[in-house]
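Below: the structure, in structure tokens.
Any read-out appearing in this document is the output of simple, stated calculations on the displayed coordinates, not a laboratory observation. Because the structure is predicted, anything quoted here is derived from the model rather than measured. No Cβ is skipped: glycine too gets one built from the backbone with ideal geometry, and neighbour counts run over all protein chains shown.
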Amino acid sequence: MIRVPEHEPPAGAPHSLSSLGVVLVAAGRGERLGAGIPKAFVELGGRTLIEHCTSIVTGLPGGGHLVIVVPEASASEALGLVSHVIPSGPSWEVSVTPGGRERHESVRFGLEALHPQADIVLVHDAARPLAPAELFERVAAEVRHTGASVIPALAVADTLKHVAADGVVHETVDRAPLVAVQTPQGFPREQLAAAHDRLGSAGAIEGEDQPTDDAEVVQRAGGTVRTVPGDILAHKLTTSGDLALLEALLASQNGDPR
Ligand code: C5P
């Protein structure tokens, strides 16, 4: 693990922000985007996704420890990028650590690198670069308030169909109980770490059995997960179409009429 040195709190100074930990997972290959570089290093409005997310997290009041999980070969590049966007002052400690082959491994490595004092953890996908500070705060507040695992969720607006591999529609699915789930997802640290340890010790997971978010890791370990309202700005970058959508969202945030 490497630390961004100029932002470490002075030795012996009280670390008022220590209870919040954020694991930013940015170690994916981004093959579906096809940019030829890891997705978190793609630029949106002149800044990489890692820079957008770091800037939002290190602007959160109260401070804490941010661990950014990146491909091993990209660690020094990530450090160079984020050092420009971290506000000066001791409130946020920022570290960069190498990720794993699958998302859940990257989260586990990030948790292991997290400051021991962090007792609430938010896990966020770098692929959601515009997730606003209010969403981080809403999720963290609900974890603090309930002591439960908390995820942001949006109602599904489209009609949903069950479709066979040959493209033929089987049936319409009742969308009323369905939601689309985003990050940041928040957890009491011990609950999330125990769930990831259990998953890791169960041996290799194949193909479609991979958990695609941390709420599922907690649920597989028998934990309960609650929801709070999500935010359209937390849209995930997966394909080039998403990049165009995120560019438009960013421009509208910046007051650019387009
Ligand atoms: O691939 P996907 O877009 O679903 O990945 C979600 C997030 O998890 C991304 O921010 C990606 O960088 C991260 N990830 C990771 N390590 C992996 C795979 C994905 O940190 N091995």
Which of rounded, prolate, oblate describes the range 111-258, given a ≥ b ≥ c as roots of the alpha-carbon gyration tensor eigenvalues and a/c under 1.5 marking rounded, otherwise prolate only if a/b is larger than b/c?
-> oblate
Calculate the dipole size of the range 95-175 relative to its Cα centre from +1 charges on Lys and Arg beta carbons and -1 charges on Asp and Glu beta carbons; express the result in debye to the nearest 20.
-> 120 debye
Most exposed first by the Cβ proxy, i.e. fewest other Cβ within 10 Å, how do Glu112, Glu206 rank?
-> Glu206, Glu112
Counting Lys and Arg as +1 and Asp and Glu as -1, each charge on the Cβ, what is the dipole of the chain about the Cα centre in debye, to the nearest 20?
-> 220 debye
The chain: calculated mean residue ellipticity at 222 nm from DSSP helix runs of at least 4, using -39500 (n - 2.57) = -9000 deg cm²/dmol
When the chain is treated as a Gaussian network with springs between alpha carbons less than 10 Å apart, the largest mean-square fluctuation among Ala194, Ala75, Ala180 is found at Ala180
Where does each of 236-246, 33-43 land if you order them by average Cβ count within 10 Å, highest first?
-> 33-43, 236-246
Mind checking which of Gly30, His115, Val70 is farthest towards the positive end of the chain's charge dipole, using Cβ charges of +1 (Lys, Arg) and -1 (Asp, Glu) about the Cα centre?
-> His115
FRET efficiency, Asp242 to Ala133 (Cβ-Cβ, R0 22 Å, nearest 0.05) = 0.55
Specify the residue with the greatest mean-square fluctuation among His124, His104, His162, computed from a Gaussian network of the chain linking alpha-carbon atoms under 10 Å apart.
-> His162
Report the charge-dipole magnitude of the range 122-214 in Debye, nearest 20, computed about the Cα centre from +1 at each Lys and Arg Cβ and -1 at each Asp and Glu Cβ.
-> 320 debye
Please report the relative contact order for the chain, taking Cα pairs under 8 Å with a sequence separation of at least 6, and give it as a percent rounded to a whole number.
-> 22 percent
Starting from the Cα-Cα distance between Ala157 and Ala73, subtract it from 0.36 nm times their residue separation and give me the gain in nm to one decimal.
-> 26.2 nm
